[in-house]
Structure formats: structure tokens, C-alpha cells
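**Q** Below is the structure I would like to discuss, written out as C-alpha cells.
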Amino acid sequence: MQELADKVWNNPAFHIAATGLQRAWILREIGLGGAPPPLADAVKVVQAAAILAGSKVPAHRASAYRCATAVFDLYGADVAPLDQATRVVLARLANFPAMQTRASIRDALSALPSSLIAEELFVADRRTIVRGGRALRLTDYQFQLWRALNAGRSLAVAAPTSAGKSFVLQTFLTSLFEAQTPRRVAYIVPTRALITQVSTDIRRRFDQAAAERLEP
């Protein structure tokens, strides 16, 4: 797969087509869009994105995400099974939260070939944790952060808000208290404005974890 991804990445035609589609998406988002590129070009870009999503190179994976989501936003799933194709890309990127943002992508699993269903389930299983009897599917970044926290490592992490750092950290904090042993945890935030937000989020997370433990 890596050799094939490198071949796609080194093909100038892919970058030309991908740039055209992303430009069309941006123009549409700011209200200046005209007709999108031909559907045939979009399908080829998504096929390339599905290959790049299986790469280990971050630039390949980032491009796969941008291409697949731009194509789906431009064309939807009415003219081609782009919901299925986008789900394949997201599964290979282990971006399971993004699958829930569009109903057709969320419900596309059953329409995939059995080999792709098995591939997605395998990827998902390797990035699933169980907390309070509830299975949580994490992204690659979230899963790596979770493993590092559980290993007791001292960490310094930097990532966009959308990466889900707070979700993982707060889930980890609730897991520390599942054994109901006395603990003290200091959660330091950089501004006063965040104190209420963080305390509310953590309280909600603890209440949710407590409710889940009470469920039969």
C-alpha cells in the first residue's frame, strides 16, 4: 500500500485534480462557487484518496482527508456512492468521529463490500477502549494519547481543538476514580474564563460515568 501511495503522490495529475476540487470547495464555501469539476475527475481523486489514506506519511493522510471531504461536500451521495468512498477513507484514517457528521456516511457501512467492512472493523477494534461498560472509538491521535496517559508518562502535547485532547484527558481522569480509591488531581487551565467551562465538562463526564456504572 505504501508503494502505491507513493506512486499516487508522485503523479502530478493527482495534485492538479485535487487542487482544482479543493479550490471549487473553497469558492462554494465563501459563496463564489460556480460549477464543480466533472464528476469523473472527482471519482478519480477519491479513489486516490482511499490509497493515500492507507499511507504512513502524514502529508498523504492529510491530503486524503481534504480530498474525500471536499468531494463529498461538493457532490453528495446522489450521483455516485461517494458516501461509501468517503467512509472508506475515514476508516483508513481511523477518523471515526467524522463518520458521524453526515447521516449517509454514518449509515454506509452495510453497503460496503465484505472485505472493506472487515478492514474497517479491524481498524476500529484496535482503537476501541471500554469505559464504564461503553465502547469508545478513538482516532489515531486520541488512542496514542490514551496509551501514553495509561502508561504514566509525563507528556507535553500540542494539537488543534478538534483533535479531542480534552475528551481523552477527561475520560482518563474519570477512569482514575473508577476504583473509588482516594486521589487528588490538579487540572490547571490558562485563563479564568476556562475554569467554569472545564469544571462543567468534568462534572458532566463524572456524572455520565457514574450513571453508566449503575446501568444493568
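**Q** Does Asn95 satisfy the criteria of being more than 20 Å from the chain's Cα centre (by Cα) and either open to solvent by 30 Å² or more (accessible area, probe 1.4 Å) or modelled with pLDDT under 90 (or both)?
**A** no
**Q** Exactly one condition in (1) under 15 Å from the mean Cα position of the chain (by Cα); (2) open to solvent by less than 40 Å² (accessible area, probe 1.4 Å); (3) touching a residue at least 40 places away in the same chain (Cβ under 8 Å) is not met by Arg137; state its number.
**A** Arg137 satisfies all of (1) under 15 Å from the mean Cα position of the chain (by Cα); (2) open to solvent by less than 40 Å² (accessible area, probe 1.4 Å); (3) touching a residue at least 40 places away in the same chain (Cβ under 8 Å) except (2).
**Q** Specify which of the listed residues (Ala40, Ala53, Ala62) is in contact with a helix residue (DSSP H, G or I) (Cβ under 6 Å, 6 or more places away or on another chain) and not polar (S, T, N, Q).
**A** Ala53
**Q** If only one of Ala85, Ala49 is modelled with pLDDT of 90 or more and open to solvent by less than 20 Å² (accessible area, probe 1.4 Å), which one is it? Break it down into steps so the answer makes sense when it comes.
**A** On the way: Ala85 fails: open to solvent by less than 20 Å² (accessible area, probe 1.4 Å).
Exactly one of Ala85, Ala49 is modelled with pLDDT of 90 or more and open to solvent by less than 20 Å² (accessible area, probe 1.4 Å), namely Ala49.
**Q** Name the pairs whose Cβ atoms lie under 8 Å apart, with the first residue in the stretch 1-30 and in contact (Cβ under 8 Å) with a residue 24 or more places away in the chain, the second of a type in the set (Lys, Arg) and open to solvent by 70 Å² or more (accessible area, probe 1.4 Å), and 6 or more positions between them or separate chains?
**A** If the second residue must be of a type in the set (Lys, Arg) and open to solvent by 70 Å² or more (accessible area, probe 1.4 Å), the pairs left are Gln2/Lys56; Ala17/Lys44; Ala18/Arg66; Gln22/Arg66.
**Q** Might you let me know whether the stretch 193-210 holds any residue that is open to solvent by 50 Å² or more (accessible area, probe 1.4 Å), farther than 30 Å from Ala91 by Cα and touching a residue at least 24 places away in the same chain (Cβ under 8 Å)?
**A** The answer is no; no qualifying residue exists.
**Q** Please specify each residue of the stretch 2-45 satisfying the condition of being over 15 Å from Ala59 (Cα atoms), of a type outside the set (S, T, N, Q) and under 22 Å from the mean Cα position of the chain (by Cα).
**A** Leu21, Trp25, Ile26, Glu29, Ala42, Val43, Val45
**Q** I've got another one for you. If you take just the helices (runs of 4 or more DSSP H) that sit entirely in the stretch 120-216, which of them hold at least 1 residues that are modelled with pLDDT of 85 or more and under 30 Å from Ala108 (Cβ atoms)? Outline the logic, then answer.
**A** Values: elements: 140-150, 165-176, 193-214.
Where helices (runs of 4 or more DSSP H) fall fully within the stretch 120-216 and carry at least 1 residues being modelled with pLDDT of 85 or more and under 30 Å from Ala108 (Cβ atoms), they are 140-150, 165-176.
**Q** Has the stretch 70-78 got at least one residue that is of a type in the set (A, V, I, L, M), modelled with pLDDT under 90 and more than 18 Å from Glu119 (Cα to Cα)?
**A** As a first pass, look at the stretch 70-78 and keep what is of a type in the set (A, V, I, L, M): 70-71, 74, 77.
Add one more test, that the residue is modelled with pLDDT under 90, and what stays is 74, 77.
Subsequent filtering for residues that are more than 18 Å from Glu119 (Cα to Cα) retains 74, 77.
The answer is yes; a qualifying residue exists.
The values are calculated or read from the model by the stated rules, or taken from the named source; none is laboratory data. Treat the numbers as computed from the prediction; the structure is a model and nothing was measured. A quick note on method: Cβ atoms are made from the backbone with ideal geometry, for glycine too, and the neighbour counts reach across all protein chains shown. Remember, those area values only see protein heavy atoms, side chains included, never the ligands or the DNA or RNA. Shrake-Rupley method; radii C 1.70, N 1.55, O 1.52, S 1.80 Å.
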